[in-house]
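Engineer: Below are the structure tokens for one structure; questions will follow.
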Amino acid sequence: MAMPATPKPLRADTERTVRRILEAAERVLSANPAATMEQIAAAAGVARTTVHRRFASRDALITALAAWATQRFHEAVDAARPDTAPPAVALYQVTANVLRVKIGWSFAMGAVPTDVPEVAHVHAEVLAACERLFTRARDTGLLRPDTDLEWARRVYYALIHEAAAEAPASDAAVDALATRVVHTLLHGIGDSATA
């Protein structure tokens, strides 16, 4: 049985063009999910034929956009060094990095198909990294020893989801939001003296 051919890497200029198209698609589709390929081409500053040469259809463009965002999501988690950085540092950095991706690529992150094996694989890797980080956080005392880690992760994901819906405009605002998410996760919102 023959192995499938590995796709040739894109030339640097082609890669820049594809990235420009994907970034334009994110902007245009976030503002108008029904936008046409022509509108995306205009926003990217390329000819419509260039977009069609790179992406056979609007669905193919959206699939590529979702794959691009999924890869950025994976890189955001990896860049925080969840397996090696001190857990408090890694938790904050993962939060800030993921918020940047979810806010900057909101249309694409919402368009990520859950039934594509490559996407499922990336999400499984991210979830496993988060599970290891939360285990390290518990083992080092950042989380209480009796913390239900599955529940804590679900709460954390919900906090990130809600925080990303605020869509702050600056890096400083994203950093402040990440701090708020981590603080809420670790300390809650009630008065511990009355609990």
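Computed from the coordinates by the stated procedures, all read-outs in this text should not be read as laboratory data. All of these numbers come straight from a predicted model, not from anything done at the bench. Note: ideal-geometry Cβ built from the backbone for every residue, glycine included; neighbour counts use all protein chains shown.
Engineer: Could you tell me the relative contact order of the range 66-187? Use alpha-carbon pairs under 8 Å, at least six residues apart, and round to a whole percent.
Structural biologist: Working: 110 pairs, mean separation 40.1, N = 122.
This gives 33 percent for the range 66-187.
Engineer: Please give the helix 12-31 orientation as an angle from the longest Cα principal axis of the chain, in degrees from 0 to 90, rounded to the nearest 10.
Structural biologist: Computed tilt is about 70 degrees.
Engineer: May I ask for the net charge around TRP151, where only other residues with Cβ less than 15 Å from the Cβ of TRP151 are counted and Lys, Arg are +1 while Asp, Glu are -1? The partial results should precede the final answer.
Structural biologist: Values: positive: ARG138, ARG144, ARG153, ARG154; negative: GLU131, ASP146, ASP148, GLU150.
Taking every other residue near TRP151 into account, the sum is 0.
Engineer: Using a cut-off of 15 Å between beta-carbons, work out the net charge of the residues near ALA164 (Lys and Arg +1, Asp and Glu -1, ALA164 not included).
Structural biologist: Once positives and negatives cancel, what remains is -1.
Engineer: Same structure, new question: Could you state, as a whole-number percent, how many of the C-alpha pairs of the range 1-154 are farther apart than 27 Å? Spell out each step's value before the answer.
Structural biologist: On the way: 4319 of 11781 pairs.
When every Cα pair of the range 1-154 is considered, 37 percent fall beyond 27 Å.
Engineer: Roughly how tilted is helix 149-165, in degrees to the nearest 10 and between 0 and 90, from the longest Cα axis of the chain?
Structural biologist: 50
Engineer: Between helix 87-104 and the chain, what is the angle of the helix's C-alpha long axis to the longest principal axis, kept within 0 to 90° and rounded to the nearest 10?
Structural biologist: 30
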